[in-house]
Amino acid sequence: MSPTTDNVVRPRGPMPVRTGIGLRAQHHESLLHERPQIGWLEAHSENYFADGGAQIDYLMALRALYPLSLHGVGLSLGSTDPLDAEHLWRLKRLMHLSEPGFVSEHLSWGSVDGEWLNDLLPMPYTEEALAHMIRRVGEVQDYLGRQILIENVSSYLEFTSSALREWEFLAALAIESGCGLLLDVNNVYVSSRNHSFDPRVYLSHIPSTYVQEIHLAGHTVKRHADHEIVIDTHAAPVCDRVWDLYELALTHVGPTPTLIEWDADIPALSILAAEAEHADRYLERTRAIAA
Amino acid sequence: MPSLHETQTAFLGALHDSTSCIDRLVVENGLAAERRVAIYRNNVREGFLSALRATYPVVAQLAGDDWFHQRVDVYRARFPSRSGNLHYAGKDFPSFLYGQLRGGSYEYFADVARFEWAYQEVLIAAEHSSFDIAALGNVAPEHYASLVFATHPAARLVASNYPLLAIWKAHQPLSPTASEPLCLDSGPSRVLLIRRDDHVEMRELCEADCALLQALMSGATLGDAVDSALAVDAAADVAASLSRIVSLGTLVAFHL
């Protein structure tokens, strides 16, 4: 791939309605040298919480070439523990430094009474949990001085206490807190298989005007003698069923900045760029139909 | 109906103890609650393990997967993550390994772990502009002994009875495979790790330089630091020691 600076250098501004890729340290060098024509980059915020050093320098060098989004995995918004002030401070510092187009987090929890599991654990969809999430998202948005996007996670269990469906919970959270939504189409698919619901129903209930970003990723199906479960591994290409669901999501929410996530068994940059290009074709088709 | 906090506490209990029953909290839908929780148990374990493997790649190589995984499991039970940022999860691993290995033939794993943690700290520490040595000219000689220095945020000193730098270098991805066998009793090492221009430089220091720098890093006055250096090497040329540690860029500011 030849450097085509004219096409990739962009001013800092709104995120392009194109497809980006998740930024991983092993691609720092090749991104700088190959400058593939991907739409944008999404960094895991915590990977760049350092006070200084090479990782920050790479991020800023890449920031000069591509629009950027910051995606957090460690705020534990759904936990009843207080928000971690240092974590928020580091996020705000990184936000001021890198001027991301989006700042996002998850509809999940990851800590209880000071013990952290560092995983995206599912919420019970109760009125209490909804009020809690609305408050927490509000606290974070007030502290950062900007809107954040909240992403639906893949889950492997549901709580009997849930009074709302996940899509109802997300819709109410967005409307009440003013956050945007990061619709992870693969997570909708994974959870729909694990919890036997129709993913199309899920999509149709998401308030389309709140969706500002879409995630696509690969998953892994684990088959047991009596059951199968789909695990959100981010270790494979996007499957056909998820592409179909993506197409449906785009007809519902319109052309939306999209991200290819691939976080384990990470392939060469060219493979990621090809996945992004594939998603770009869906975006173009949706734009053509809308026009 | 359980509160949010009760639900999360019960979930944590079930993650730790597979006999802790949360059946009533979880929708079965064809798969028992325990098997659903087991997926998360595995994810949490794998996430923690891969964070520790990333922080301690040399210890992991030295110890082998089975040993490393076993010890990390015990470590996680005693020192669970206390942050939403998994990069901090390995902070107590060196002291945990000392507790496990002190006095035994694998004690050096703990020293290697200490070295690798220092390396991680140096990688992410703040930048600092270099020290204006000329400013020291304004200090009257009678005040030299009470000078206190600020040391570079991205500098760490690791001393050990084992040849740490040789061990570390032999286990880097690009190191030659057929190197000479390492001799663990080839004598102590004192290594300075300092970041310059995104590159971590590693230097072996002599006993006196190490004692002087260690004392200054811990906030001792120059007078006390000189005493520390002379205590380990009575014949040391401490002026030369000071000049060497200044030229290595370890000191960034001073005050009286």
* Asked: Of the residues in the range B:10-24, how many are among the hydrophobic types (A, V, I, L, M, F, W, C), surrounded by fewer than 16 Cβ atoms within 10 Å (Cβ to Cβ) and within 31 Å of the chain's Cα centre (by Cα)?
  -> 0
* To do: State the number of residues belonging to the range A:79-117 that are more than 9 Å from chain B (Cβ to nearest Cβ), of a type in the set (Asp, Glu) and surrounded by 19 or more Cβ atoms within 10 Å (Cβ to Cβ).
  => 1
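Can you confirm whether the range A:134-152 contains a residue that is more than 14 Å from chain B (Cβ to nearest Cβ), of a type in the set (D, E, K, R) and within 28 Å of B:Leu15 (Cα to Cα)?
yes
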* **Residues being on the phi < 0 side of the Ramachandran plot, within 14 Å of chain B (Cβ to nearest Cβ) and assigned to a loop (DSSP other than H, G, I, E, B) - total across the range A:227-273** => 7
* Asked: Does B:Gly99 satisfy the condition of being at pLDDT 95 or above and in a loop (DSSP other than H, G, I, E, B)?
  -> no
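For the structure I just gave you, tell me whether B:Tyr108 is more than 14 Å from every other protein chain (Cβ to nearest Cβ) and touching a helix residue (DSSP H, G or I) at 6+ places or on another chain (Cβ under 7 Å).
Numbers: more than 14 Å from every other protein chain (Cβ to nearest Cβ): yes; touching a helix residue (DSSP H, G or I) at 6+ places or on another chain (Cβ under 7 Å): no.
In short, no.
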* To do: Examine the range A:188-206 for a residue that is in contact with a strand residue (DSSP E or B) (Cβ under 6 Å, 6 or more places away or on another chain) and over 18 Å from A:Glu166 (Cβ atoms), and state whether such a residue exists.
  => no
* Structure fact -> Selection from the range B:222-256 of residues touching a residue at least 40 places away in the same chain (Cβ under 8 Å) and in a loop (DSSP other than H, G, I, E, B) yields B:Leu248, B:Gly249, B:Thr250, B:Leu256
* **Filtered residues of the range B:119-141 (kept if within 14 Å of chain A (Cβ to nearest Cβ) and assigned to a helix (DSSP H, G or I))** => B:Tyr119, B:Gln120, B:Glu121, B:Val122, B:Leu123, B:Ile124
* Asked: From B:Leu86, B:Leu164, B:Leu97, B:Leu184, which residue is more than 19 Å from A:Gln55 (Cβ to Cβ), of a type in the set (A, V, I, L, M) and outside the structural domain of B:Leu222 (by TED's automatic domain parsing)?
  -> B:Leu97
* Asked: Taking into account only those residues within the range B:107-142 that are surrounded by 13 or more Cβ atoms within 10 Å (Cβ to Cβ) and farther than 30 Å from A:Gly114 by Cα, which is nearest to the chain's Cα centre (by Cα)?
  -> B:Tyr108
* Based on what the data block shows, is A:His219 within 14 Å of another protein chain (Cβ to nearest Cβ) and surrounded by 15 or more Cβ atoms within 10 Å (Cβ to Cβ)? -> yes
* Does any residue of the range B:157-176 turn out to be surrounded by 17 or more Cβ atoms within 10 Å (Cβ to Cβ), in contact with a Leu (Cβ under 7 Å, 6 or more places away or on another chain), within 20 Å of B:Leu222 (Cβ to Cβ) and at pLDDT 95 or above? -> yes
* **Filter result (surrounded by 19 or more Cβ atoms within 10 Å (Cβ to Cβ) and under 23 Å from the mean Cα position of the chain (by Cα)) within the range B:25-59** => B:Val44, B:Phe48, B:Ala51, B:Leu52, B:Thr55, B:Tyr56, B:Val58, B:Val59
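Hey, any hits in the range B:27-35 for a residue that's assigned to a helix (DSSP H, G or I), more than 9 Å from every other protein chain (Cβ to nearest Cβ) and in contact (Cβ under 8 Å) with a residue 12 or more places away in the chain?
Of all residues in the range B:27-35, those assigned to a helix (DSSP H, G or I) come to B:33-35.
Restricting the remaining residues to those that are more than 9 Å from every other protein chain (Cβ to nearest Cβ) gives B:34.
Narrowing the set further to residues that are in contact (Cβ under 8 Å) with a residue 12 or more places away in the chain leaves B:34.
Checked the range B:27-35: at least one residue is assigned to a helix (DSSP H, G or I), more than 9 Å from every other protein chain (Cβ to nearest Cβ) and in contact (Cβ under 8 Å) with a residue 12 or more places away in the chain.
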* To do: Output the number of the condition that A:Ala279 fails; it satisfies all remaining conditions of (1) surrounded by 14 or more Cβ atoms within 10 Å (Cβ to Cβ); (2) farther than 21 Å from A:Trp40 by Cβ.
  => (2)
* Given the structure, is B:Asp237 in the same structural domain as B:Asn138 (by TED's automatic domain parsing), crowded, with 17+ Cβ neighbours inside 10 Å, modelled with pLDDT of 95 or more and among the acidic types (Asp, Glu)? -> no
* Please work out which one of (1) more than 14 Å from every other protein chain (Cβ to nearest Cβ); (2) exposed (fewer than 14 other Cβ atoms within 10 Å of the Cβ) is the condition B:Phe68 fails and give its number. => (2)
* Asked: If only one of A:Leu68, A:Leu120 is more than 10 Å from chain B (Cβ to nearest Cβ), within 22 Å of A:Gln212 (Cβ to Cβ) and in contact (Cβ under 8 Å) with a residue 12 or more places away in the chain, which one is it?
  -> A:Leu68
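Residue-by-condition table, conditions (1) among the aliphatic types (A, V, I, L, M); (2) modelled with pLDDT of 95 or more; (3) not assigned by TED's automatic domain parsing to the domain that holds B:Trp117:
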| position | (1), (2), (3) |
| --- | --- |
| B:Gln8 | no, yes, no |
| B:Cys21 | no, no, no |
| B:Val26 | yes, yes, no |
| B:Ile39 | yes, yes, no |
| B:Ala54 | yes, yes, no |
| B:Trp67 | no, yes, no |
| B:Arg71 | no, yes, no |
| B:Ala77 | yes, yes, no |
* From the list B:Ile124, B:Ile133, pick out the single residue that is aliphatic (A, V, I, L, M) and at pLDDT 95 or above. => B:Ile124
* Asked: From the list A:Ser108, A:Ser155, A:Ser162, which one is under 20 Å from B:Tyr40 (Cβ atoms), in contact with a Phe, Trp or Tyr (Cβ under 6 Å, 6 or more places away or on another chain), free of Cβ contacts under 8 Å to residues at least 60 places away in the same chain and not aliphatic (A, V, I, L, M)?
  -> A:Ser162
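The values are calculated or read from the model by the stated rules, or taken from the named source; none is laboratory data. Fair warning: this is a prediction, and the values are worked out from it, not measured in the lab. We place every Cβ from the backbone using ideal geometry, glycine too, and count neighbours over all the protein chains shown.
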